Amino acid sequence: MVASGTLYGVGVGPGDPELMTLKAARLISTAPVIAYLAANGKESTARDIARPHIPASARHLVIDMPMRVEREPGEKAYDAGAAAIASELERGHDVVMLCEGDPFFYGSFMYVFARLAKSHRCIAVPGVTSITASAASLRRPLSARNEVVKVLPATLPEDRLRDELLTAESAAIIKVGRHLAKIRNILGLLDLASRAQVIVKATHQDEKVTPLLDITEDHLPYFSTILVYAGSETW
């Protein structure tokens, strides 16, 4: 009988390849099969980050992910991707699935994990998140002492987002993209716009850090983070 392989969900960090962990680099460099998402058929950012460590002999398993508001296309893509990975595992092959940031922090790996963890050996390997990378780019701590940090998806309904920010000491708003106008409006009403900084593609070579008040457009790339220092005067 062929022993079942192991699925590793490997966080490759926010963009700078040097921010990958030693464990991530080791697993990627010895992987017989590398899996990753490709949004709408485009190049995979996770693969680009990990590229220096991917062996030439590795086979690539691409999960084509349609980026839609509706959940069904994405669910079908994860079903197909999980089935393809399971086939490799059952043939005794280890699979390393690349995930931007951290695999269990809004990471795509968690959806594959949910489909396979009960029947296959699955291991998550943590990575540096875009939030901590953004704070480093700003050269300003997210919190100190007993302060509480809120992580808020920009996809939340406007009322919920406003209520969460109303009581925040500091906040990280992620998945900004097409929700920028909504966020700007809420932060303006709460008198927090001057305390917000926008980080686009943290640690990438084309990273941009801009005060929210200096941004005029209503859309940003998906990989944008807004840090709001609402209550802290420490820094």
- Is the stretch 139-160 home to any residue that is crowded, with 16+ Cβ neighbours inside 10 Å, assigned to a helix (DSSP H, G or I) and of a type in the set (D, E, K, R)? no
- Query: Counting only residues that are among the small types (G, A, S) and part of a helix (DSSP H, G or I), which one in the stretch 113-131 is nearest to the chain's Cα centre (by Cα)?
  - Reply: S130
- Please work out if E164 is in a helix (DSSP H, G or I), open to solvent by less than 30 Å² (accessible area, probe 1.4 Å) and either at pLDDT 95 or above or touching a strand residue (DSSP E or B) at 6+ places or on another chain (Cβ under 7 Å) (or both). no
- Where a residue in the stretch 145-157 is free of Cβ contacts under 8 Å to residues at least 12 places away in the same chain and on the phi > 0 side of the Ramachandran plot and its partner, wherever it lies, is open to solvent by 80 Å² or more (accessible area, probe 1.4 Å) and assigned to a loop (DSSP other than H, G, I, E, B), with Cβ under 8 Å and at least six apart: none
- Selected residue (only one of A31, A35, A50 is open to solvent by less than 10 Å² (accessible area, probe 1.4 Å), assigned to a loop (DSSP other than H, G, I, E, B) and in contact (Cβ under 8 Å) with a residue 24 or more places away in the chain): A31
- On the given criteria, is G41 at pLDDT below 95, part of a loop (DSSP other than H, G, I, E, B) and farther than 17 Å from K175 by Cβ? yes
- Single residue of S232, S224 found to be at pLDDT below 95, over 30 Å from P17 (Cα atoms) and open to solvent by less than 60 Å² (accessible area, probe 1.4 Å): S232
- Note on the structure: Within the stretch 107-136, the count of residues that are within 27 Å of S87 (Cβ to Cβ), among the aliphatic types (A, V, I, L, M) and open to solvent by less than 60 Å² (accessible area, probe 1.4 Å) comes to 7
- Residue check: is T210 within 19 Å of the chain's Cα centre (by Cα) and part of a strand (DSSP E or B)? no
- Note on the structure: For the stretch 163-185, pairs from a residue that is of a type in the set (V, I, T) to a residue that is open to solvent by 60 Å² or more (accessible area, probe 1.4 Å), with Cβ under 7 Å and 6 or more apart or across chains, are I174/Y106
- Within the stretch 53-76, restricting attention to residues that are open to solvent by less than 90 Å² (accessible area, probe 1.4 Å), of a type in the set (A, V, I, L, M) and within 18 Å of the chain's Cα centre (by Cα), which residue is modelled with the lowest pLDDT? M65
- Meets criteria (touching a residue at least 24 places away in the same chain (Cβ under 8 Å), open to solvent by 40 Å² or more (accessible area, probe 1.4 Å) and more than 16 Å from A117 (Cα to Cα)) for S44: no
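The values are calculated or read from the model by the stated rules, or taken from the named source; none is laboratory data. These numbers were taken from a predicted model, which means no experiment stands behind them. In this analysis, Cβ positions are derived from the backbone assuming ideal geometry, glycine residues included, and neighbour counts consider all displayed protein chains. Accessible surface is based on the protein model in full, side chains and every heavy atom, while ligands, DNA and RNA are left aside. Shrake-Rupley method; radii C 1.70, N 1.55, O 1.52, S 1.80 Å.
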